[in-house]
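Participant: My structure is below; once you've seen it, I'll send some questions.
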Amino acid sequence: MARVDPHSYFDSDQPRVRHAHFKWHVEFESRRLIGEVLLELDRPSSGVLDLDSKGLVIHSIHNGEGKVVSFVIGDEEEILGRRLRLELPFETQSVRIVYATSPDAIALQWLEPAQTSSKKYPFLFSQCQPIHARTLAPIQDSPIARFTYDAEVAVPEPLTAVMSAGPAGVREGPAGTRTFLFTMPQRIPSYLLALAVGELASRDLSPRARVWAEPAVVDGAAWEFAGIEPIIVTAEKLFGKYDWDRYDMIVLPPSFPYGGMENPRMTFLTPTVIAGDRSLVDVVCHELAHSWTGNLISNATWEHFWLNEGFTVWAERRILEALHGGAAAVLGWAIGETELHEALERFGPASPLTKLRCNMHGVDPDESFSSLPYEKGARFLALIEHSVGRDRFDEVVRAYMAKFRFTSITTEEFMEFLEEHIPGTAQKIEAHRWLYEPGMPANAPVFRSSDLDELIALANAWNTGHRPSSEQLQQWNPSQLLIYTQHLPRELPIADCDWLDRNLQLTRRQNYEILVEWLTIAALSDYEPAFDRLREVLMRIGRMKYLRRLYVALGKHSRTQALARETFAAASPTYHPLSRKLVESILEKYSA
Ligand code: BES
Ligand code: ZN
């Protein structure tokens, strides 16, 4: 027996699922997917097959020959869920599992019509990363185990379904429904399985890119992402051909708990990236970059998460640099640096969670999530790049993509590859400290420009009375304004908050990065004029990055604590279960 992933019952000695065929009825009334999955195995097998499951109701299991497959559902483990152990009859090639999901499947958020922009129809979306696909279907829910899939999804008549797959037609029926067909010919890890259902419209952005959203949102989304094709072309120049045919995106209702999710062929996005001035398109660059780093080559388990996210942040900033120049990339690194420091502070620099290569036995990957693997990982790769030279590193990255495409690998496999191609590098840069020791090593690359230094110096001089001039305020782009506000003191006198809001128009911002940075200062400063906007944001937005910051900041004063508690009481029924759990854990830490 060989279990290789602390977050899955997947056993590498057992047969592997090569292809999955899903048939689902999307039932909004009961909040369930009802249907079946046909799992095709990589070889005729008999004996034990362990699958992951959580909250599923299993009705029956048969093999492809129609023989009953006996099974045992294990006890509920808090993080893993329940092991579903099948006993395969002789020469079993496939198994058909008839089942239903639970109404509180954590991978699914079922929205009431009131939570959509039109308020007319319900909406459903999934979020499987990291270990929630097992609440959608009984599968080998480890990123090591890749499979292709197709699906038949029946949804109420006026609604549309999209998946992380290619569309393969629509059928009328069964009664009152339409059935959407999908096929995913490329092998994906289970965490990239994705589904969204709602009243959806779409706009073409290029022959291979399209954006989906609710009808009232879709034109704004199409304008915001109109520049996607040149971004794809730039990424292809850096990392090789785009291997997933189409690059479509869907803008979800505001309760989506992440900024973006790199579901293949269908990036999922929060509507908070629609700033109205294209200033948050870097989120799309990031999700697109995952098409190479993360989706083409995935982390073997969540202990190697930095391989997904660190690589993608590095790739995202290379795309940014190719499109907008070195100065723009430096600003991207600077924004990331603030997030890195936040994470180091949250965990403490000696925490094992600040190693790139983590030991995660008994650790819930949702709870250990932070910017650390993103920013430390990206800096580790930039250090290698600087050490061996960009041209050489780019060659090696392309060879890496070619060698490991459509596989899932560990940190150690990556390092072996590096050693083989650029011997001695790991030792030279003290890779061991980066990967296996906590905190930030002293040889971390520094990203600076005189422009950046000036901005930071100006913000640091706030308490000595220095203020930006009106010309500066006019000239700053959104990244510069964000960096400036990130470096301001966290708690300010009321008069200073007034000055900032009057001169920088912060409360009215549509760019959520800037808005949330400002509202964090406002909350920490107990600044009442921003309270209405704070409530409005907390009522509407489910993106955990923002909820975490705002609810933590609101813990500072008794008046803001009261605001947080009241707002959460009103908003929590509309939050995603993950967001709800996060905020509950923050409120528990408030002083009584
Ligand atoms: N894959 C992540 C989101 C994720 C990570 C979901 C871990 C569940 C578990 C996605 O690519 C991501 O990193 N999104 C960022 C945006 C980005 C620009 C850094 C986010 O949501 O903020
Ligand atoms: Zn990412």
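Participant: Only one of ILE541, ILE586 is open to solvent by less than 30 Å² (accessible area, probe 1.4 Å) and either within 16 Å of ligand 1 (Cβ to nearest atom) or farther than 28 Å from LEU340 by Cβ (or both). Can you tell me which? Show your work before the answer.
Facilitator: On the way: ILE586 fails: either within 16 Å of ligand 1 (Cβ to nearest atom) or farther than 28 Å from LEU340 by Cβ (or both).
ILE541 is the lone residue from the list that is open to solvent by less than 30 Å² (accessible area, probe 1.4 Å) and either within 16 Å of ligand 1 (Cβ to nearest atom) or farther than 28 Å from LEU340 by Cβ (or both).
Participant: Same structure again: Within the stretch 161-182, is there a residue that is within 17 Å of ILE297 (Cα to Cα), more than 16 Å from ligand 1 (Cβ to nearest atom) and either among the aliphatic types (A, V, I, L, M) or free of Cβ contacts under 8 Å to residues at least 12 places away in the same chain (or both)?
Facilitator: Let us first name the residues in the stretch 161-182 that are within 17 Å of ILE297 (Cα to Cα), namely 164.
With the extra rule that they be more than 16 Å from ligand 1 (Cβ to nearest atom), the set shrinks to none.
No, the conditions are met nowhere in the stretch 161-182.
Participant: Tell me the residue from LEU482, LEU506 that is among the aliphatic types (A, V, I, L, M), touching a Leu at 6+ places or on another chain (Cβ under 9 Å) and touching a residue at least 60 places away in the same chain (Cβ under 8 Å), please.
Facilitator: Working: LEU506 fails: touching a residue at least 60 places away in the same chain (Cβ under 8 Å).
Just a single option satisfies the conditions, and that option is LEU482.
Participant: Just to verify a result, which residue in the stretch 274-288, among those that are outside any loop (DSSP other than H, G, I, E, B) and within 9 Å of ligand 1 (Cβ to nearest atom), is farthest from THR148 (Cα to Cα)? Break it down stepwise before answering.
Facilitator: The first filter runs over the stretch 274-288 and keeps only residues outside any loop (DSSP other than H, G, I, E, B), leaving 282-288.
Of the ones still in play, those that are also within 9 Å of ligand 1 (Cβ to nearest atom) are 282-287.
Numbers: ASP282: 29, VAL283: 27, VAL284: 25, CYS285: 25, HIS286: 24, GLU287: 21 Å.
So the residue we want is ASP282.
Participant: Shifting gears a bit: In this structure, does ALA327 turn out to be open to solvent by 20 Å² or more (accessible area, probe 1.4 Å), among the small types (Gly, Ala, Ser) and modelled with pLDDT of 95 or more? Explain how you work it out, then say what you get.
Facilitator: Numbers: open to solvent by 20 Å² or more (accessible area, probe 1.4 Å): yes; among the small types (Gly, Ala, Ser): yes; modelled with pLDDT of 95 or more: yes.
Yes: the conditions hold for ALA327.
Participant: Oh, and also: Starting from the stretch 289-300, keep only residues that are assigned to a strand (DSSP E or B), then list their pairs with residues that are within 12 Å of ligand 2 (Cβ to nearest atom) whose Cβ atoms are within a distance under 7 Å, requiring at least 6 positions of separation or different chains.
Facilitator: THR293/ASN308; THR293/PHE311; THR293/THR312; THR293/ALA315; SER298/ASN308; ASN299/PHE305; ASN299/LEU307; ASN299/ASN308
Participant: Hey, can you tell me all the residues within the stretch 250-278 that are of a type in the set (A, V, I, L, M, F, W, C) and farther than 21 Å from PRO189 by Cα?
Facilitator: Residues satisfying the conditions are VAL251, LEU252, PHE256, VAL273, ILE274, ALA275.
Participant: Further question: Just name the residue that is nearest to TYR9 (Cα to Cα) out of those in the stretch 278-327 that are within 13 Å of ligand 2 (Cβ to nearest atom) and of a type in the set (Asp, Glu).
Facilitator: GLU309
Participant: While we're here: Determine, yes or no, whether ARG318 is within 21 Å of SER371 (Cβ to Cβ) and either over 13 Å from the mean Cα position of the chain (by Cα) or open to solvent by 10 Å² or more (accessible area, probe 1.4 Å) (or both). Quick ask: steps written out before the conclusion?
Facilitator: Details: within 21 Å of SER371 (Cβ to Cβ): yes; either over 13 Å from the mean Cα position of the chain (by Cα) or open to solvent by 10 Å² or more (accessible area, probe 1.4 Å) (or both): yes.
The answer is yes for ARG318.
Participant: Quick one: in the stretch 174-193, which of the residues that are part of a strand (DSSP E or B) and under 19 Å from the mean Cα position of the chain (by Cα) is nearest to PRO138 (Cα to Cα)?
Facilitator: Initially, the stretch 174-193 is screened for residues part of a strand (DSSP E or B), giving 177-189.
Keeping just the survivors that are under 19 Å from the mean Cα position of the chain (by Cα) gives 188-189.
Values: ILE188: 16, PRO189: 14 Å.
Ranking the qualifying residues of the stretch 174-193, first place goes to PRO189.
Participant: For the stretch 115-129, how many residues meet the condition of being in contact with a helix residue (DSSP H, G or I) (Cβ under 9 Å, 6 or more places away or on another chain), under 20 Å from GLY55 (Cβ atoms) and open to solvent by less than 10 Å² (accessible area, probe 1.4 Å)?
Facilitator: 3
Participant: Kindly indicate whether any position in the stretch 340-350 is within 28 Å of PRO264 (Cα to Cα), within 12 Å of ligand 2 (Cβ to nearest atom) and not in a loop (DSSP other than H, G, I, E, B).
Facilitator: no
Participant: Further question: Exactly one condition in (1) assigned to a helix (DSSP H, G or I); (2) open to solvent by less than 10 Å² (accessible area, probe 1.4 Å) is not met by VAL211; state its number.
Facilitator: (1)
Participant: A further question follows. Within the stretch 140-157, which residues are hydrophobic (A, V, I, L, M, F, W, C), surrounded by 22 or more Cβ atoms within 10 Å (Cβ to Cβ) and under 21 Å from the mean Cα position of the chain (by Cα)?
Facilitator: ALA145
Participant: For the stretch 131-173, enumerate the residues that are small (Gly, Ala, Ser) and part of a loop (DSSP other than H, G, I, E, B).
Facilitator: ALA137, SER142, ALA145, SER164, ALA165, GLY173
Participant: Test of understanding: among ASP451, ASP391, which residue is free of Cβ contacts under 8 Å to residues at least 24 places away in the same chain and part of a helix (DSSP H, G or I)?
Facilitator: On the way: ASP451 fails: free of Cβ contacts under 8 Å to residues at least 24 places away in the same chain.
Result: ASP391 is the single residue among ASP451, ASP391 that is free of Cβ contacts under 8 Å to residues at least 24 places away in the same chain and part of a helix (DSSP H, G or I).
Participant: Continuing with the same structure: Given the structure, is ALA196 in a loop (DSSP other than H, G, I, E, B), touching a residue at least 40 places away in the same chain (Cβ under 8 Å) and away from ligand 2 (no atom under 16 Å from the Cβ)? Lay out the reasoning, then the answer.
Facilitator: Values: in a loop (DSSP other than H, G, I, E, B): no; touching a residue at least 40 places away in the same chain (Cβ under 8 Å): yes; away from ligand 2 (no atom under 16 Å from the Cβ): yes.
So ALA196 fails the test.
The values are calculated or read from the model by the stated rules, or taken from the named source; none is laboratory data. Keep in mind it's a predicted model, so treat the numbers as computed, not measured. Here the Cβ is made from the backbone with ideal geometry for all residues, glycine too, and neighbour counts use every protein chain on show. When the accessible area is computed, the model is the full protein with side chains, heavy atoms only, and any ligands, DNA or RNA have been set aside. Shrake-Rupley method; radii C 1.70, N 1.55, O 1.52, S 1.80 Å.
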